[in-house]
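Accompanying notes for the structure given below.
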Amino acid sequence: MRGEAINGPRKVRKMGNSTQKQFTIMLWIKVYNLQTFLIWPHLMMWKPDFPAKETIYLAQRWGDSCISSHGSMRLAERRRVLAAAASGMPCIVVATHAAFSKSFQAPNLTLAVIDEQHRFGVEQRESLNSKGSTAPHLLVMTATPIPRTAAMTWFGDLDISSLTELPGGRKPIRTFVVPEDNASLMGEMFALIRKRIDAGERAYVVCPRIDADAEDADGALAASAASGSKTAGSSAAAFDDAYDLGEDDEQRAQRPPLHSVAEIVERLQSLPQFKGIRFATLTGRDDDTTKSQVMADFESGITPILVATTVIEVGVDVAKASCIVIFDADRYGLSQLHQLRGRVGRGGTDSGAFLISRAPADSDAARRLDVIQGTLDGAEIAQADLEFRGAGDVLGDAQSGGKSGLKLLRVVKDVKIIEHARVEATRLVAQDPDLLEHVQLAGAVLDFTRGNETFLTSN
């Protein structure tokens, strides 16, 4: 992503280094007088955690050149931000999903930085191309690239930089798969968590649903929308569609009902292991003020156990949190399990993730949990996720699952062919960028950009 490439082909890169990100942003604003977007999935990442601190850092450095936008802003404040961005003034816009709205225009947008990119849909990311006069350079960051992203790295649409070491002071997280019908193991797990709580630590308990009356699993419909799904209906259907695991309708019909926050709180409060312990709950129904208060009480130890939906998946950084229990873990995709596991172990203490499963021992769901238990490597997990679920439509907008627009190729089976084709394509474009010597190939590219993909099945 070189400065001289601003008006050339769009560069797309994945990385996770805050220093690199800040340097890139400063270069864009200071040297080129252009606009930059910094995008996080939701408000939980603003208050009280890292992105808020980074926003303060940028505001101190750039003053009025740093503006923020999110869905809960007052109308007058939002209009001020929209006007500033639409004016083309050089600025950093720190935003949530609000950045993708049609009303948000930035004519000089040249760089977009997206954190936790797996939480955004393909169409949302592509909508950034229409914000300004040209498609912006795109820098996306994630600990767990979802299947479509993993596939795109092979096809050359994404360049990738990997940071494989743990942040300073952190220890590897131990992961355990606990069958829910094993009462003895469940009891031992709860007793261990109580010991950690008594030692001044914190614990998360994650459930897919809010309560028994919820029409949808919390976060599932948002995830479905992000991935381009049109599924609606029961909570289990919405959840299972959002985290498509490649199973057929018969397999889905045999699954037990999803656990809920309301149910699990009541269950845990009745256990002797947690006598005298205060619990808190956090779901997508809570307003921003409630979320902030719940997190403050959890961090301070007033309520040392937080029972929540997947709203805690990103943007939550509590150093004393050392245990996380994930109910219905067999119903999640590998990437999301890895993200949830990353909520603990951030304070240098020994930490554990407990994956509660009702999956048969010989099922694909059980084998997915074996993958999570066996590695902390996000790239390895993404590769396994790709093999279990499929690449998604690398030529279209399907975020995950088995659907693919490829007619003659399979991303996993034909990886060597893809790698070779990428090398050859890079060489050819370097030698003949306008494809003047490759007329048939130029015609195929033109067909593809116009939506005519029949050439993919031709000889």
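The values are calculated or read from the model by the stated rules, or taken from the named source; none is laboratory data. Model, not experiment: these values are computed from the prediction. Note that we place each Cβ from the backbone using ideal geometry, even for glycine, and neighbour counts take in every protein chain shown.
Given the condition touching a His at 6+ places or on another chain (Cβ under 6 Å) and in contact (Cβ under 8 Å) with a residue 60 or more places away in the chain, answer yes or no: does some residue in the range 288-309 qualify? Within the range 288-309, none of the residues are touching a His at 6+ places or on another chain (Cβ under 6 Å) and in contact (Cβ under 8 Å) with a residue 60 or more places away in the chain. Does Arg278 fit the bill of being at pLDDT 90 or above and either within 21 Å of Asp213 (Cβ to Cβ) or of a type in the set (Phe, Trp, Tyr) (or both)? Judged against the criteria, Arg278 is not a match.
No other residue among Ala99, Ala84, Ala112 is hydrophobic (A, V, I, L, M, F, W, C), touching a strand residue (DSSP E or B) at 6+ places or on another chain (Cβ under 6 Å), modelled with pLDDT of 80 or more and not in a helix (DSSP H, G or I) apart from Ala112.
With respect to the conditions (1) closer than 26 Å to Leu75 by Cα; (2) in a loop (DSSP other than H, G, I, E, B); (3) modelled with pLDDT under 85, Val94 falls short on a single one, namely (2).
Scanning for something in a helix (DSSP H, G or I), at pLDDT below 80 and surrounded by fewer than 15 Cβ atoms within 10 Å (Cβ to Cβ), does the range 61-72 turn up at least one residue? Checking the range 61-72: at least one residue is in a helix (DSSP H, G or I), at pLDDT below 80 and surrounded by fewer than 15 Cβ atoms within 10 Å (Cβ to Cβ). Residue pairs whose Cβ atoms lie under 6 Å apart, sitting 6 or more positions apart in sequence or on different chains, and linking a residue in the range 373-391 that is farther than 21 Å from Ile418 by Cβ and aliphatic (A, V, I, L, M) to a partner that is surrounded by fewer than 17 Cβ atoms within 10 Å (Cβ to Cβ) and at pLDDT 80 or above, are Leu376/Pro172.
Residues in the range 187-213 that are assigned to a helix (DSSP H, G or I) and free of Cβ contacts under 8 Å to residues at least 24 places away in the same chain were compared, and the one that is farthest from Phe279 (Cα to Cα) is Glu188. Summed over the range 82-120, residues that are buried (at least 18 other Cβ atoms within 10 Å of the Cβ) and of a type in the set (Lys, Arg) total 1.
Condition check ((1) within 23 Å of Gln124 (Cβ to Cβ); (2) modelled with pLDDT of 80 or more) across all residues:
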| residue | (1), (2) |
| --- | --- |
| Gly402 | yes, no |
| Leu408 | no, no |
| Glu419 | no, no |
| Ala425 | no, yes |
| Gln440 | no, yes |
| Ala444 | no, yes |
| Phe448 | yes, no |
| Asn459 | no, no |
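One line per residue, one yes/no per condition, for (1) in contact with a Cys (Cβ under 7 Å, 6 or more places away or on another chain); (2) at pLDDT 95 or above; (3) surrounded by 15 or more Cβ atoms within 10 Å (Cβ to Cβ); (4) not in a helix (DSSP H, G or I):
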residue	(1), (2), (3), (4)
Gln251	no, no, no, no
Thr290	no, no, no, no
Asp297	no, yes, yes, no
Ile302	no, yes, no, yes
Val316	no, no, yes, yes
Cys323	no, yes, yes, yes
Arg346	no, no, yes, yes
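Report yes if Leu128 is modelled with pLDDT of 85 or more, assigned to a helix (DSSP H, G or I) and in contact with a Pro (Cβ under 8 Å, 6 or more places away or on another chain), otherwise no. So Leu128 fails the test.
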